[in-house]
Amino acid sequence: MQNHYIFNYMPEYKIKEIAKILDSPYSGRLNPAIRTLVTDSRTFITPEDSLFFALIGVHHDGHNYISELYDKGVRYFVVSTMPANIDEYKNAGFIHVKDTLAALQKLAAYHRHQFEIPVIGITGSNGKTIVKEWLFQLMGKDKKIIRSPKSYNSQIGVPLSVWQMEKEHELAIFEAGISSVNEMQNLEKIISPTIGIFTNIGDAHQQNFIDYRHKISEKLKLFSNTEILIYCRDYSLIESQIKSSNQFEDTQLFTWSQKFPADLFILNIENKRSNTYIQGKFNNEVIEIKIPFIDDASIENAIHCWALMLLAYDNDSIKKRMSQLQAVAMRLELKEGINNCTIINDSYNSDLGSLSIALDFLNQQNQHKNKTLIISDILQSGKDETGLYKEIADLAGHKKVSRLIGIGEAISRNSNFFKLPSSFYKDTDSFLNKISKEDFKDETILLKGSRMFEFEKISNYIQQKAHRTVLEIDLNAMISNLNYFRSKLKSGTKIMAMVKAFSYGSGTFEIANILQYHKIDYLGVAFADEGVALRKSGISVPIIVMNPEEQSFESIIEYNLEPEIYSLKVLKSFAIAATRYSVNSYPIHIKLETGMNRTGFTDAELPDLITTLKEHSHLLLVSVFSHLAASEQEIHDDFTKSQVDRFLQMSDKLISIFPHRISKHILNSAGIERFPEYQFDMVRLGIGLYGVSTVEGNKLTNVSTLKSRISQIKNVSAGETVGYGLKGLVNRNSKIGIIPVGYSDGLRRSLSNGVGTVCINKTKVPIIGNICMDMCMVDITDIEAEEGDEVIIFGGNAPIYEMAKTLNTIPYEIMTGISSRVKRIYIYE
């Protein structure tokens, strides 16, 4: 398992040629053609032409997955350490290098220099992906363009993006991002841009640089040999760094500005409803464009694109194209569908790179055996039609799609390439007219369509209907938080992720799937039925049941769950159940009482515990643990340390009796951050996984956002009241927004009458009157708002801890109190 990157259908190199490029020895008899570069053991398509780079990171080592990949058919590897048991890999070939990442980058750089086409390189703190995608929209009709998939701009993503370059491409657009010093020069060698765009400078990854100037100087290394560099003069630090450097003496600088003289001087920016009109002066001529966006970030991104387009297009053509720019979908959505289906909606991106990524996400979903792909024609691919759809057919087959539905005339013309069960329709309306909801049952459905095919109609048809209040769960943020905690652990320390109580209100198998995919060691649930549901959804990692009940022992054993044992009664009862089912070495986990005074064995009970365990050798003690009562509160640190001391004394007594290795764990989320010396063999990650921490300066990301929409706006006169009990007295003529979320959804009634607020258009507004069962009312008199505007109840600009503080409670209670009728939507970029 490594970072999630894979690309197929790329140029062909013989393995011995690659070894020569890398100036490294190759051990292998055969000399096959290599088309696919793989850095993730979980995601590859055609093993026979794949080359796996065993990358080494802080918390992973690709060499550990060579055996797994060999069993799956991969035969060719780039390694920095040769396998000790190399004789077991018959017919395998190994290229032995000093540094596998450097080798990957060197191969990509060699491949890049086989082309003489223009290459646009984009860097900056924000906007890189949007600028890249908009340039593709603007020029894709004229040129065959290769570009980075999504935001693949890292030390791994860039070389694998460049590897996609083929002889038919006429233009390449790649983005480059860095998080620390001495990274950009590697990317410059790989991209070698002929045209550069520096979007802006901001706070992203600032902690790894001395100051902004330092970060700018590092980013500018991308443009060391660039012929043309585009940037905005209004970023004074960027301007001064460029002007003071002799690096750009031979570079054509194309600037734009709203403040200073520039090649493209912006005269006026005016928002009109949902459009922005931008007027500028170029070559002493006043020119104008219109874009269908009004936010500042989009305006800046559009001007960067405008500046580049002016190098090769007349403004009349540019103006027409800019007015047709479309929003770039940076994420896909996972949500509940009809008839026990799960829907993955990625219907705003349609190209081979994003299709492969979406299919990998589809295969992470284990809750349904059957997987359906609904896909439209792919537009502006830069490939000939026959070759394109043959690749798509091969990709669908290799990714184990159960059924394919093709929508569009082009894919229908090439239906003969699809060997799996398939059906084809000329357009979306034809499809909707011919199918019924009964055609979809117990399956995961991936929607992948170009915008013109309006796949939102399909999404609306097959999704489980729910009201407008939704809980969005950002899976990328969750994985970021997981990696944050992993970065704090010593090598070899395992993680148990707590997914009890509907994963703190976030969902069950959806969360477990993504955690299993990212190689979590254990999952923890409260009750057996939660664990059973995960097993039925295809979750195979070890699952610990923290509150096993006697009536659930049969299910625990049947579904291979591992019980927490906290009393002699539970131990003896489970031992009897295990005997009845004739199981041996059944894993159990012993809970010790160290000061929480909840559940667990006391020190006085240890002799009886040891005796009972010895009497039941068919049970295998896997771990001993306890629970910290106040690890998040500095004032109680002495008590926490006394708990740990007591735990060590008790666990050592217990562990010393048995000959096999027994793990210890005591730290929760706060403990991981505050007491690294107590990591032991495993830690238990709970609320921190969901972005909540009591430690100042943490780098956690919000995961859950509860949001709704304004369903109606009413004008209420001074002296009138709003809501039940006449509590919401209006002291002035007011504008009241009605929001379809109430206490039955989890919005606590104690937030009524100005106690609580919600966020609308980045502004907090007070709740007025009593919160009702299904709705609440807010005073929007002082803000600009319309019916249909988004409302944030918590998350984003309305952090959940602020609501918890207002309610004198903890974020756990709020998160677990969100009603099941609130639709969960899972976001994955």
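The values are calculated or read from the model by the stated rules, or taken from the named source; none is laboratory data. These figures come from a predicted structure and were not determined experimentally. Heads up, the Cβs are rebuilt from the backbone with ideal geometry, glycines too, and the neighbour counts pull from every protein chain shown. What goes into the accessible areas is simple: the full protein's heavy atoms, side chains included, and nothing from ligands, DNA or RNA. Shrake-Rupley method; radii C 1.70, N 1.55, O 1.52, S 1.80 Å.
Please state which one of S552, S567 is more than 22 Å from L654 (Cα to Cα) and open to solvent by 10 Å² or more (accessible area, probe 1.4 Å). Outline the logic, then answer.
On the way: S567 fails: more than 22 Å from L654 (Cα to Cα).
Only one candidate passes the filter, namely S552.
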Write out, first by first residue and then by second, each pair whose Cβ atoms fall under 9 Å of each other, whose residues are 6+ apart or on separate chains, and whose first residue, in the range 80-105, is more than 23 Å from G57 (Cα to Cα) while the second is modelled with pLDDT of 95 or more and among the polar types (S, T, N, Q).
-> none
Flag if E218 is without any contact (Cβ under 8 Å) to a residue 40 or more places away in the chain and on the phi < 0 side of the Ramachandran plot | no
Out of T226, T199, sole residue that is closer than 17 Å to I117 by Cβ, among the hydroxyl-bearing types (S, T, Y) and touching a residue at least 60 places away in the same chain (Cβ under 8 Å) = T226
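Could you name every one of the strands (runs of 3 or more DSSP E) located completely within the range 273-371 that has at least 3 residues being of a type in the set (A, V, I, L, M)? Full working, then the answer.
Numbers: elements: 275-282, 285-291, 332-336, 342-345.
Hits in the range 273-371: 285-291.
Working only within the range 452-480, note down all residues that are open to solvent by 10 Å² or more (accessible area, probe 1.4 Å), closer than 21 Å to I392 by Cα and either aromatic (F, W, Y) or in contact with a Phe, Trp or Tyr (Cβ under 6 Å, 6 or more places away or on another chain) (or both). Please lay out each step first, then the result.
Going residue by residue through the range 452-480, those that are open to solvent by 10 Å² or more (accessible area, probe 1.4 Å) are 452-454, 456-457, 460-461, 463-468, 470, 472, 474, 476, 479-480.
If we keep only those that are closer than 21 Å to I392 by Cα too, we end up with 452-454.
Matches in the range 452-480: F453 only.
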Would you please list the contacts, defined by Cβ atoms under 7 Å and residues six or more apart or on different chains, that run from a residue in the range 384-406 that is farther than 27 Å from K143 by Cβ and open to solvent by 30 Å² or more (accessible area, probe 1.4 Å) to a residue that is assigned to a helix (DSSP H, G or I) and at pLDDT below 95?
-> K400/N363
Given (1) aliphatic (A, V, I, L, M); (2) open to solvent by 30 Å² or more (accessible area, probe 1.4 Å); (3) touching a Leu at 6+ places or on another chain (Cβ under 6 Å), where does I34 come up short, assuming only one miss?
-> (2)
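For (1) in contact with a Ser or Thr (Cβ under 7 Å, 6 or more places away or on another chain); (2) touching a residue at least 60 places away in the same chain (Cβ under 8 Å); (3) among the aliphatic types (A, V, I, L, M), each residue gets a yes or a no:
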residue	(1), (2), (3)
T757	no, no, no
K764	yes, no, no
M775	no, yes, yes
V791	yes, yes, yes
G817	no, yes, no
K823	no, yes, no
E829	no, yes, no
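Would you check if S422 is open to solvent by less than 40 Å² (accessible area, probe 1.4 Å) and at pLDDT 95 or above?
Values: open to solvent by less than 40 Å² (accessible area, probe 1.4 Å): no; at pLDDT 95 or above: yes.
So S422 fails the test.
Only one of T701, T640, T612 is among the polar types (S, T, N, Q) and touching a residue at least 60 places away in the same chain (Cβ under 8 Å); which? Let's see the steps before the verdict.
Numbers: T640 fails: touching a residue at least 60 places away in the same chain (Cβ under 8 Å); T612 fails: touching a residue at least 60 places away in the same chain (Cβ under 8 Å).
None of the others qualify; the one that does is T701.
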Members of the range 715-762 found to be more than 21 Å from V470 (Cβ to Cβ), open to solvent by less than 80 Å² (accessible area, probe 1.4 Å) and not in a strand (DSSP E or B), listed by number = S717, A718, G719, G723, G725, V730, S750, S752, N753, G754, V755
Among the residues of the range 229-272, write down those that are part of a strand (DSSP E or B) and either within 20 Å of I195 (Cβ to Cβ) or among the small types (G, A, S) (or both).
-> L229, I230, Y231, C232, Q252, L253, F254, T255, W256, S257, L264
The number of residues in the range 292-334 that are basic (K, R), open to solvent by 60 Å² or more (accessible area, probe 1.4 Å) and closer than 29 Å to A358 by Cβ is 1
Check every one of the strands (runs of 3 or more DSSP E) wholly within the range 764-829 and list those with 3 or more residues that are open to solvent by 10 Å² or more (accessible area, probe 1.4 Å) and not polar (S, T, N, Q).
-> 823-828
Output the residue which, of all residues in the range 13-44 that are in a loop (DSSP other than H, G, I, E, B) and hydroxyl-bearing (S, T, Y), is modelled with the lowest pLDDT.
-> T43
Any chance the range 200-218 includes a residue that's of a type in the set (F, W, Y) and at pLDDT 95 or above?
-> no
Some residue of the range 640-659 being β-branched (V, I, T), over 23 Å from K494 (Cα atoms) and touching a helix residue (DSSP H, G or I) at 6+ places or on another chain (Cβ under 8 Å) = yes
Sole exception among (1) out of contact with any Lys or Arg (no Cβ under 8 Å at 6 or more places or on another chain); (2) open to solvent by 40 Å² or more (accessible area, probe 1.4 Å) for I666, by number | (2)
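Being under 38 Å from the mean Cα position of the chain (by Cα) and at pLDDT below 95 narrows it down to one of D250, D296, D234, so name that one. Spell out how you get there, then give the answer.
On the way: D250 fails: under 38 Å from the mean Cα position of the chain (by Cα); D234 fails: at pLDDT below 95.
Every option except D296 fails the conditions.
Confirm whether Y65 is under 30 Å from R486 (Cα atoms) and not acidic (D, E). Steps first, answer last, please.
Values: under 30 Å from R486 (Cα atoms): yes; not acidic (D, E): yes.
Yes.
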For residues in the range 418-455 being under 18 Å from S347 (Cα atoms) and of a type in the set (S, T, Y), which is nearest to the chain's Cα centre (by Cα)?
-> T444
K448: passes all of (1) among the basic types (K, R); (2) surrounded by fewer than 16 Cβ atoms within 10 Å (Cβ to Cβ); (3) in contact (Cβ under 8 Å) with a residue 24 or more places away in the chain but (2)
Kindly indicate the residue of the range 45-72 that is part of a helix (DSSP H, G or I) and buried (at least 16 other Cβ atoms within 10 Å of the Cβ) and also nearest to the chain's Cα centre (by Cα) among those meeting that condition.
-> G62
Name the residues in the range 181-231 that are within 27 Å of the chain's Cα centre (by Cα) and among the hydroxyl-bearing types (S, T, Y), would you?
-> T199
Would you point out which residue out of L515, L534, L523 is in contact with a Ser or Thr (Cβ under 7 Å, 6 or more places away or on another chain), buried (at least 20 other Cβ atoms within 10 Å of the Cβ) and over 16 Å from V583 (Cβ atoms)?
-> L534
Search result, residues across the range 597-618 that are among the hydrophobic types (A, V, I, L, M, F, W, C) and either modelled with pLDDT under 95 or at positive phi (or both) = none
Would you list the strands (runs of 3 or more DSSP E) that sit entirely within the range 578-689 and hold 2 or more residues that are touching an Asp or Glu at 6+ places or on another chain (Cβ under 8 Å)?
-> 586-591, 619-625, 663-665
Go through the residues of the range 267-281 one by one and say whether even a single one is touching a helix residue (DSSP H, G or I) at 6+ places or on another chain (Cβ under 7 Å) and open to solvent by 60 Å² or more (accessible area, probe 1.4 Å).
-> no
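With the requirement that a residue be of a type in the set (A, V, I, L, M) and open to solvent by 20 Å² or more (accessible area, probe 1.4 Å), what does the range 339-356 give you?
Applying the first criterion (of a type in the set (A, V, I, L, M)) to the range 339-356 yields 343-344, 352, 355.
Matches in the range 339-356: L352 only.
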